[in-house]
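Data first, discussion second: the structure below is written as structure tokens.
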2 protein chains.
Amino acid sequence: AKKSTPTLKPLEPPPADHRIIGVQRELFTTSKYSPGSAIFLPNGTKIFNRLTNFLRSQYEHYGFQEVISPTIYKKSLWEKSGHWENYAEDMYSVSGHGAEGKKEDRQVGEDEEYGLKPMNCPGHCLIFASKKRSYRDLPIRYADFSPLHRNELTGALSGLTRGRRFHQDDGHIFCRPSQIRDEISKSLDFVRQAYGVLGLGSYRLALSTRPADHFIGTIAEWDNAEAALRESLNSTQLPWTLNEGDGAFYGPKIDIILKDSDGKEHQTATIQLDFQLPKRFELEYQAPAPELEQRGMTTNDSELLAVEGSVTPVMIHRAVLGSVERMMALMIERYDTSWPFWLNPNQVVIVTLNDTPELVEYALKVKKTIQSADNRTTAGFPYSNLPQVNGLSVAIDNNPEPLKKKIADAKSKKFGIIVVVGNKNIDQQNINVDFAGLSKSQYDVANHPILQTWLEGQSKPK
Amino acid sequence: AKKSTPTLKPLEPPPADHRIIGVQRELFTTSKYSPGSAIFLPNGTKIFNRLTNFLRSQYEHYGFQEVISPTIYKKSLWEKSGHWENYAEDMYSVSGHGAEGKKEDRQVGEDEEYGLKPMNCPGHCLIFASKKRSYRDLPIRYADFSPLHRNELTGALSGLTRGRRFHQDDGHIFCRPSQIRDEISKSLDFVRQAYGVLGLGSYRLALSTRPADHFIGTIAEWDNAEAALRESLNSTQLPWTLNEGDGAFYGPKIDIILKDSDGKEHQTATIQLDFQLPKRFELEYQAPAPELEQRGMTTNDSELLAVEGSVTPVMIHRAVLGSVERMMALMIERYDTSWPFWLNPNQVVIVTLNDTPELVEYALKVKKTIQSADNRTTAGFPYSNLPQVNGLSVAIDNNPEPLKKKIADAKSKKFGIIVVVGNKNIDQQNINVDFAGLSKSQYDVANHPILQTWLEGQSKPK
Ligand SMILES: [Zn+2]
Ligand SMILES: [Zn+2]
């Protein structure tokens, strides 16, 4: 038989890989001493902080209160929460030397084994339980950015997508059964707003319902909760799919699934009802007509309303970004060299024509002016004489190298705005600005008051 | 003998105790499940975040770059750094279940024991070592707010002053030997600026020098370093004392000591030279005339300058706040009910005359107006249609209770500004403002543009 000549297909560029881009662009690095824990370099830390600060800025609107909860808890807490039994293989265990009798003066038993937290839920339950709560106080919504640890297999580790240490924009809502639908709707709205800002394209919603066999709570409770989730999903007017029987044994959930640049799906946000943990932690609040209240019902019967009693709150676990690290991986692959200006770690660079002391000093002055255009980062902060920054990241390149090379370097680093200063600019007290790094859709940014302040008299972006 | 009648002294009020105030004011709480780890409640978290954000805002000026480094490192790292030998009793050890053969598919040895980090220095050394460095890149200054853990004895635990989990405004400077004096001076200047803002009164400086017997490095190196520290101390024009021979074996240091409200001294900030860790981590940078460079000397000899070689950088550990928790303890005892406005967790409250839906809605509108007076918290953030906040914390009290009781409650919580709205205010589209909670020295705050925006047409502070 005649052999067919193989046709040569042109090589496609390899798909974007955040592990390669992230290291190339000096966003993060890794170390053999802590596999699975990303080390965020200065530029990666900028993106990380801007993402979490963006979330913080929305918390006020959505009624979340940030808390800072411990990293390690005694084994007995994880037994109470059920993690020690159900999640033990993924947890790290922590012990002091006292437990092994290695330290003098150590009291017997004081060094009970600890678990390194894989999630914040039990800690937030402790905060809820630290005070008497009334139905008037609910919903109470806690948010937490603590680092979390899960003991993933070495083979499963994959850059920022799956690590052993990661951060969540973790939140827990404690609400009345009658508030479930409202809270789910608000959470879905939060996701919609945030994902619009991050610009990662459309996402998919999936509802997972009561498992056939193994579940806690009554079927009526599940039916109510699932109905609330369905109504909330329908009111988003987005398509959603059903994973029948795929909920956790402790409650139904909604997953938000995002496609990466290759079309591969990643579960990012999640909204999860939990009937179990509040019971395990014996959480309660006081309400009139407690039996109806527990079933999510209201009444006008004054006799029933006259009696207050204890009710178990519903707990909703929810994360908008999900793992901040995983979200950053998706963004790095998506944006690589074209970050939106507000997330770009390389926002502004001031390039000097030479390295004479006068010019270097002038560059510093320009940097200060740019950064103080809006110096009210800390609300009510009255020390106007102190150097403050508006969060704009401004670099200076005063290396003794040719201007051409320095500008080429700034362009390759994808600076959003390149400012060039020479000795003439000192005389004229102005600057030359190149907006080449801003895409057309970002021109608005350059028209932002922050930049206007120092752009007065300068040429407008092309 | 005749017994003298004891004279009754009037009872003095007990000294302020942050552990009592902190719980009363709902700043933090503790749990038996994690002794020594403060759980910051929403109001405590606000203070924590404002302190760390204040530090961040100064980092730009002082040339620090924030990084986020891992929480756990393999035992082998702590052996390399010397902590496993010298600090082991204070460290927590971490292990996955794989190490004990509890998890299937676990590779042998992949679960080497880890240490929970008690400090960030080794991690920052890894970051320095992750890239080739030139003398032109130095100084490199990394900052990190990671949680740290030290296994303190139960008996030694004391609220926020001494815990097992704490955060530092930790920083490490990698510099050329010739840059030591400059870096120490800048660090002392940073301390002076920051402590001026925090308003905790005067502090004491103490220099600790080379121990008599056990030290590393040459006597010439120590003499140079100590001379640099002395010169920097003298140029502060503040008094300082000498702790002869009290330095660590790896380098001399300056401690900053603050008095609490009872006059008790607390070591807070520290600036510590380290000749050892850079050697243990084989850190290096390239420089001309490396032998002179290593001794902190410069030359014009073109023959010597023609040869580049490896030089070991000097490492400076420095913290301005020191433990954020301990600093908060001092501030809580000092300020209790009179926080400076920018740190006050209870900045503004809007009290409604009644709980009619119109008025509750108007209160929400006022809240939004106040918080959007300056909505540029995220630099260059172009989504002006999204709810953003300026960081001002604004509460609403729309409980169906008498106005008098609500105002009394707001005053007892020491709100800086109390806004009262009734239905008349809806018609007139204005508000009534009470600045009673602002002390005279804080009037400037009320004149700040943030507040002016929504105060137009309102009465000025008394
Ligand atoms: Zn959770
Ligand atoms: Zn250190």
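In this structure, does B:E325 turn out to be within 14 Å of another protein chain (Cβ to nearest Cβ), under 30 Å from B:I21 (Cα atoms) and either more than 16 Å from ligand 1 (Cβ to nearest atom) or touching an Asp or Glu at 6+ places or on another chain (Cβ under 8 Å) (or both)?
Details: within 14 Å of another protein chain (Cβ to nearest Cβ): yes; under 30 Å from B:I21 (Cα atoms): yes; either more than 16 Å from ligand 1 (Cβ to nearest atom) or touching an Asp or Glu at 6+ places or on another chain (Cβ under 8 Å) (or both): yes.
Yes.
Could you tell me whether A:L242 is in a strand (DSSP E or B) and within 16 Å of ligand 1 (Cβ to nearest atom)? It would help to see each step written out before you state the result.
Working: in a strand (DSSP E or B): yes; within 16 Å of ligand 1 (Cβ to nearest atom): no.
No; evaluated as a whole, the condition is false for this residue.
Against the definition (under 30 Å from A:S208 (Cα atoms) and either within 16 Å of ligand 2 (Cβ to nearest atom) or buried (at least 18 other Cβ atoms within 10 Å of the Cβ) (or both)), how does A:V324 come out, yes or no? Can you show your working first?
On the way: under 30 Å from A:S208 (Cα atoms): yes; either within 16 Å of ligand 2 (Cβ to nearest atom) or buried (at least 18 other Cβ atoms within 10 Å of the Cβ) (or both): yes.
Judged against the criteria, A:V324 is a match.
Name the residue, out of B:I407, B:I426, that is more than 30 Å from B:V23 (Cβ to Cβ) and either assigned to a helix (DSSP H, G or I) or at pLDDT below 85 (or both).
Values: B:I407 fails: more than 30 Å from B:V23 (Cβ to Cβ).
It is B:I426.
Residues of segment A:207-216 being in contact (Cβ under 8 Å) with a residue 40 or more places away in the chain and surrounded by fewer than 18 Cβ atoms within 10 Å (Cβ to Cβ), which ones?
Of segment A:207-216, the ones in contact (Cβ under 8 Å) with a residue 40 or more places away in the chain are A:207-210, A:216.
Selection gives A:I216 alone.
Just to be sure before I move on: is A:I271 buried (at least 23 other Cβ atoms within 10 Å of the Cβ), farther than 26 Å from A:N49 by Cβ and at pLDDT 95 or above in the structure I sent?
In short, no.
Could you count how many residues in segment A:155-179 are away from ligand 1 (no atom under 16 Å from the Cβ) and away from every other protein chain (no Cβ under 13 Å)? Give the steps one after another, and end with the answer.
Pass one, segment A:155-179, residues away from ligand 1 (no atom under 16 Å from the Cβ): A:155-165, A:176-179.
Subsequent filtering for residues that are away from every other protein chain (no Cβ under 13 Å) retains A:158-159, A:161-162, A:176-179.
Qualifying residue count for the region: 8.
Any idea how many residues of segment A:272-305 are away from ligand 1 (no atom under 16 Å from the Cβ) and either in contact with a strand residue (DSSP E or B) (Cβ under 7 Å, 6 or more places away or on another chain) or part of a helix (DSSP H, G or I) (or both)?
Qualifying residue count for the region: 14.
Among (1) more than 16 Å from ligand 2 (Cβ to nearest atom); (2) hydrophobic (A, V, I, L, M, F, W, C); (3) over 30 Å from B:I20 (Cα atoms); (4) within 11 Å of chain A (Cβ to nearest Cβ), there is one condition B:A129 misses while meeting the rest; what is its number?
(1)
Please work out which one of (1) of a type in the set (D, E, K, R); (2) in a strand (DSSP E or B); (3) surrounded by fewer than 18 Cβ atoms within 10 Å (Cβ to Cβ) is the condition A:D255 fails and give its number.
Going through (1) of a type in the set (D, E, K, R); (2) in a strand (DSSP E or B); (3) surrounded by fewer than 18 Cβ atoms within 10 Å (Cβ to Cβ) one by one, A:D255 breaks only (3).
Within segment B:132-145, take every residue that is basic (K, R) and modelled with pLDDT of 95 or more and give me the one that is farthest from ligand 2 (Cβ to nearest atom). Please lay out each step first, then the result.
Within segment B:132-145, the first condition is being basic (K, R), and the residues that meet it are B:132-133, B:136, B:141.
Subsequent filtering for residues that are modelled with pLDDT of 95 or more retains B:132-133, B:141.
On the way: B:K132: 23, B:R133: 19, B:R141: 12 Å.
Restricting to residues being basic (K, R) and modelled with pLDDT of 95 or more, the top hit is B:K132.
Determine if segment A:431-451 includes at least one residue that is modelled with pLDDT of 85 or more, assigned to a helix (DSSP H, G or I) and in contact with a helix residue (DSSP H, G or I) (Cβ under 9 Å, 6 or more places away or on another chain). So that I can check it myself, show each step before the final result.
Going through segment A:431-451, the residues modelled with pLDDT of 85 or more turn out to be none.
Scanning segment A:431-451 turns up no residue that is modelled with pLDDT of 85 or more, assigned to a helix (DSSP H, G or I) and in contact with a helix residue (DSSP H, G or I) (Cβ under 9 Å, 6 or more places away or on another chain).
Report yes if B:T299 is over 29 Å from B:N224 (Cα atoms) and polar (S, T, N, Q), otherwise no. Full working, then the answer.
Numbers: over 29 Å from B:N224 (Cα atoms): no; polar (S, T, N, Q): yes.
No: the conditions fail for B:T299.
The values are calculated or read from the model by the stated rules, or taken from the named source; none is laboratory data. Just so it is clear, the structure is predicted and the values come from calculations on it, not from any experiment. As a convention, Cβ positions derive from the backbone with ideal geometry for all residues, glycine included, and neighbour counts pool all protein chains shown.
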